[in-house]
Structures are given as C-alpha cells and as structure tokens.
1. For region 38-61, state whether one or more residues are assigned to a loop (DSSP other than H, G, I, E, B), free of Cβ contacts under 8 Å to residues at least 60 places away in the same chain and basic (Lys, Arg).
2. Of everything in region 18-37, what is crowded, with 20+ Cβ neighbours inside 10 Å and among the aliphatic types (A, V, I, L, M)? Give them in sequence order.
3. Report, ordered by the first and then the second residue, all pairs with beta carbons closer than 7 Å, sequence separation of six or more or different chains, a first member in region 190-205 that is under 18 Å from Asp283 (Cα atoms), and a second member that is modelled with pLDDT of 95 or more and small (Gly, Ala, Ser).
4. Which of the following residues is crowded, with 22+ Cβ neighbours inside 10 Å, hydroxyl-bearing (Ser, Thr, Tyr) and touching a residue at least 40 places away in the same chain (Cβ under 8 Å): Thr109, Thr102?
5. I need the full set of residues from region 72-95 which are in a loop (DSSP other than H, G, I, E, B) and of a type in the set (A, V, I, L, M), in order please.
6. Which of (1) farther than 30 Å from Lys12 by Cβ; (2) touching a strand residue (DSSP E or B) at 6+ places or on another chain (Cβ under 9 Å) does Val304 not meet, given it meets every other one?
7. Restricted to region 281-318, and to residues that are over 30 Å from Gly247 (Cβ atoms) and in contact with an Asp or Glu (Cβ under 8 Å, 6 or more places away or on another chain), which residue is surrounded by the fewest Cβ atoms within 10 Å (Cβ to Cβ)?
8. Could you check region 142-163 and list, in sequence order, the residues that are farther than 22 Å from Tyr103 by Cβ and not in a loop (DSSP other than H, G, I, E, B)?
Amino acid sequence: METVILTQEDVKRLITMGDAIDAVEEAFRLYALGKAQMPPKIYLTFDSGDLRAMPACLMGYAGIKWVNSHPENPKKGLPTVMAVLILNNPKTGFPLAIMDATYLTSLRTGAASGVASKYLARKNSKIFGFIGCGKQAYFQFMALKEVFEIELALAYDVNENAAKRFAEFCNKHGVDCRIDKIERVCDCDVLTTATPSTKPVVMNDWIKSGTHINAIGADAAGKQELDERILLRSKIVVDDLKQAMHGGEINVAVSKGLIDESKIHATLGEIIAGVKSGRESDDEVTVFDSTGLAIQDIAVAKVVYERAVEENVGFRLKLFEI
C-alpha cells in the first residue's frame, strides 16, 4: 500500500469553499452527537512560538494536524503558521495521506463562520463588516459569500494597505467593498473580527440589535476582540466549550468572573443537530466564538483525500515495507 503525498497546490485543486462548508457542518453535528473523538490539543512551547498537535477521528478517518505559530517568522521569510496533516485508516492505522494543512486550516476556519452565520445570522443579512483584513479575512469573505447574497462589504484594518487589498479582492469577486472607520464597519448585519488583539477593538455602543458576530481572532488566553458588555447582552455560541473558555473570545470575560459556563447558550454542533436553538428573533445579538477544532481538519482532509484518489492527484510513496 502507498501513502498519497499532497502539496498545497494539490489541496487547492481538490476542494472548494462550498465543499469545506458542507464537511465542517457535518463534523460539528457528529461531534455534538458523540460520534467523533477529539482529545485536547497538545502544545510544545518555545521562546519563539509553539507547535500544536491536534488529533481527531470521525467520518471513517483518523488523523492529526501538526501546526506551528511563530509570530516572528515573516522576518525570516517564513509564514507565521504552517501545518501538515497525516490522515489514517482507523481500522489499521495505515497512513493514507500526508498533506499540506496550511491552506486547509484557513479554509476550514472560514467555513466554520459560514456555517455559524447560516444558523445565527438573520436570513436577510446584506451588509457584512470585516475588522482585520489579513489572510483569514479573505476566507471569511468567501465562506459568507457562499451562504448569503452580500450587497455590501465594509472593511477596516489598522494597516490601510491591507484594507485596500482586501477591498480589491471583494470587488473582483463581485461585491462592493468600502473602507471605513471601525465604528461604521460595525454598523452591519454580520461582523467578522480577525485580529490578534489582546484588548477590545469592538465597542458595545457600536453593535446594533440583530447583529451576528463571528469572533475569530482570539485563539489563546488573554486575547480578546470584543467589549465584554457585548458578550453580556449576546447569545453566545462556541465551537468547543473547554477550548473557548481557555483561549477563545470569552476567555477574558471568564477569567474576570463576568460570565461562566451558564452564559454559553450552545455549541455550534448542538444547534446544527437540533439539540439547541439557533437565532430566535431578529433583535438578538449573536456571537460565534471560533477557536478551531481538529474535527474540522479531518472533515476537510477526507474530502481532499477521496478526491485525490478519484482523480489520481498527488505523489504515491511507499513509506515502509509491508
């Protein structure tokens, strides 16, 4: 038996955002129903950053993503985040594929917001705000464009050039995008925040009733993007409760004793599975706290691997004698 080796270009060829959204939605549903295994992340920490091991098993596949976060890497000509995923047959343990997961990570993160917005945003949402216009904003935009008819995008970034590049990307994809002040960007139907901030960048007074917020940036203890008062008035939905309380958008409010587990309405999987309700009125403010789960990685890797086999894409390697 041979292992399929897939580069980033291979991965891009084999999966679309629509595919990723469908796969991630099903992964969340299975996880909520107890039909997926996902042990906690394992960290190796260094002065320069960290490495994380993210294992999971679902949909007939097992696997692990090995991903780094090194903020100073761009100065060395390397990406801040790089990832490799090994996909295994759980019945035998055989490594079916080794693939780039850097692109997959960005794709599945965007897909999760697309799924969350499907269940939590108002169905007639037309105006979409983006705070933080780095790489992830592009994937967020493409996911939301799969789910909604976007009439107008609003963009803000502390780096004006980043905002301009993002606006050009939206315009090329048929959506008018305007760069504006941060408080005006918050005047929208669906707001996406994707910044590395450790203090609130979105204030409570800027968020009107009925807004849905995808909070993407907080992925470690001490990080936050939203004024805690927003959380206190919102229906909060998380991808995973433990992970969110430790390092998601809610982690600072939890550490201050402002909210506890009882304030969390549901996991996204519980809503998809019909165990908990999604949006219940047009006046609710809803927040999706996205921390990123290994089940998402395996779900999209499944699509990539099966397409690679079907289309004979990638390099076949006999890793060891059987």
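The values are calculated or read from the model by the stated rules, or taken from the named source; none is laboratory data. Note that the structure is a prediction, hence the values are computed from the model and not measured. Reconstructed Cβ throughout: ideal geometry from the backbone, glycine too, with neighbour counts over all protein chains shown. Heavy atoms of the whole protein, side chains included, go into the accessibility calculation; ligands, DNA and RNA do not. Shrake-Rupley method; radii C 1.70, N 1.55, O 1.52, S 1.80 Å.
1. No, region 38-61 contains no residue that is assigned to a loop (DSSP other than H, G, I, E, B), free of Cβ contacts under 8 Å to residues at least 60 places away in the same chain and basic (Lys, Arg).
2. Ala20, Ile21, Ala23, Val24, Ala27, Ala32, Ala36
3. Val190/Ser117; Val190/Ala121; Val190/Ser125; Leu191/Gly129
4. Thr109
5. Scanning region 72-95 gives Leu78, Val81, Met82.
6. (1)
7. Residue satisfying both the conditions and the ranking: Lys318.
8. Leu152, Ala153, Leu154, Ala155, Tyr156, Glu160, Asn161, Ala163
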